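Values quoted throughout were computed directly from the atomic coordinates according to the rules given, and no laboratory measurement underlies them. Just so we're clear, the structure is a prediction, and the values are computed from it rather than from any experiment. In this analysis, Cβ positions are derived from the backbone assuming ideal geometry, glycine residues included, and neighbour counts consider all displayed protein chains.
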Amino acid sequence: MSEYQDSTAQLRAAYDGIEPDLRFRDEVPALHACRLALNALAGGGYGVGALVMSEEHRIFAEGRNHLFGDALDSAGHAEMRALDTLESLDEEHPPPCELSLLVTLEPCPMCLTRILYAGIGEVIYIHADDEGGMVQRRELLPPAQRELANITRFRVAEVSEPVRELAARLSVAQLEQKRQALMAAQGRV
Ligand SMILES: [Zn+2]
């Protein structure tokens with residue numbers, strides 16, 4: 001698939017070309033998350049962005065993938081960053097169970113568990129991750145975490161096709177280079 005070779009510039013052009021379709025309820029925050037994903041990719045990380053918002057779409061925290069800084073930041077996933085920010089906010093915000101976490105890519109096992117521990121009420125993801133996503137496999141969680149998952153809502157974002165495609169392209173952009181960078185940071189090559 002040619003999408004795997006997408007450069008940051010190509011993805012930025014795709015982002016700039018999207019006219020938000022407001023018939024889809026998650027379109028605007030989803031585009032915002034895509035912007036964060038684009039920034040993550042431009043910063044050398046994986047193309048994933050996340051935000052935490054209220055039902056009225058007020059954004060309280062956001063995060064982007066930041067795996068490769070000066071050193072490997074193995075917990076530097078977009079969702080982890082957004083939750084770190086949320087939990088360190090001074091400003092009043094609704095309790096976690098009344099908030100939604102929206103992310104461009106289905107959360108991995110680490111992030112899903114963190115989301116459950118944080119008590120976020122709803123998880124919304126744009127692109128399903130058949131290789132590494134844990135939401136669609138949450139029945140495989142240990143009983144204690146599964147119990148938390150049972151009181152959490154999960155859904156795929158309601159967005160226009162161009163936004164869904166952009167999130168998918170961001171998710172797989174430069175994947176081989178990222179994998180090599182991860183192996184190098186772990187000292188395996
Ligand atoms: Zn993750």
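In a simple Cβ point-charge model (Lys, Arg +1; Asp, Glu -1; nothing else charged), the range 35-189 has a dipole of about 560 debye relative to its Cα centre.
Listed by Cβ neighbour count within 10 Å, with the fewest neighbours leading, Ser88, Ser7 appear as Ser88, Ser7.
Applying 1/(1 + (r/R0)^6) with R0 = 45 Å to the Cβ-Cβ distance of Ala184 and Arg25, what FRET efficiency is obtained, to the nearest 0.05?
Working: r = 41 Å, r/R0 = 0.92.
Efficiency at R0 = 45 Å is approximately 0.65.
Taking the helices alone, the chain has a mean residue ellipticity at 222 nm of -12000 deg cm²/dmol, built from -39,500 (n - 2.57) per DSSP H run of at least 4 residues and averaged over all its residues.
Which shape class applies to the range 1-118: rounded if a/c is under 1.5, otherwise prolate when a/b exceeds b/c and oblate if not, where a ≥ b ≥ c are the square roots of the Cα gyration tensor eigenvalues?
Because a/c hits 1.5 or more and a/b fails to exceed b/c, the range 1-118 counts as oblate.
The slack between Ser7 and Ser54, meaning 0.36 nm per residue of separation minus the straight C-alpha distance, is 13.6 nm. Loop-located GluC sites (Glu not before Pro) in the range 109-189 (DSSP state other than H, G, I, E, B) with a sparse environment of at most 15 neighbouring Cβ atoms within 10 Å: Glu131, Glu158. For the range 33-123, build the charge dipole from Cβ charges (+1 Lys, Arg; -1 Asp, Glu) around the Cα centre, then report which of Ala42, Ala61, Gly76 sits farthest towards its positive end. Towards the positive end, the residue furthest out is Ala42. Placing a pseudo-label 7 Å from each Cα along the Cα-to-Cβ vector at Leu175 and Glu161 gives an inter-label distance of 2.2 nm. Is the range 112-187 best put as rounded, prolate or oblate by its Cα gyration tensor, with a ≥ b ≥ c the root eigenvalues, rounded for a/c under 1.5, and otherwise prolate when a/b is larger than b/c, oblate when not? Oblate is the answer for the range 112-187, as a/c is 1.5 or above yet b/c matches or exceeds a/b.
When His127, His66 are sorted by how many other C-beta atoms sit within 10 angstrom of their C-beta, beginning with the fewest, the order is His66, His127. Counting every other Cβ atom within 10 Å of each residue's Cβ, Arg12, Arg58 order from fewest to most as Arg58, Arg12. Placing dummy labels 7 Å off each Cα toward the beta-carbon, the span from Glu139 to Cys97 is 2.6 nm. Close amide H pairs (under 5 Å, H built 1.01 Å from N) link Phe154 with Val123, residues at least 5 positions away or on another chain.
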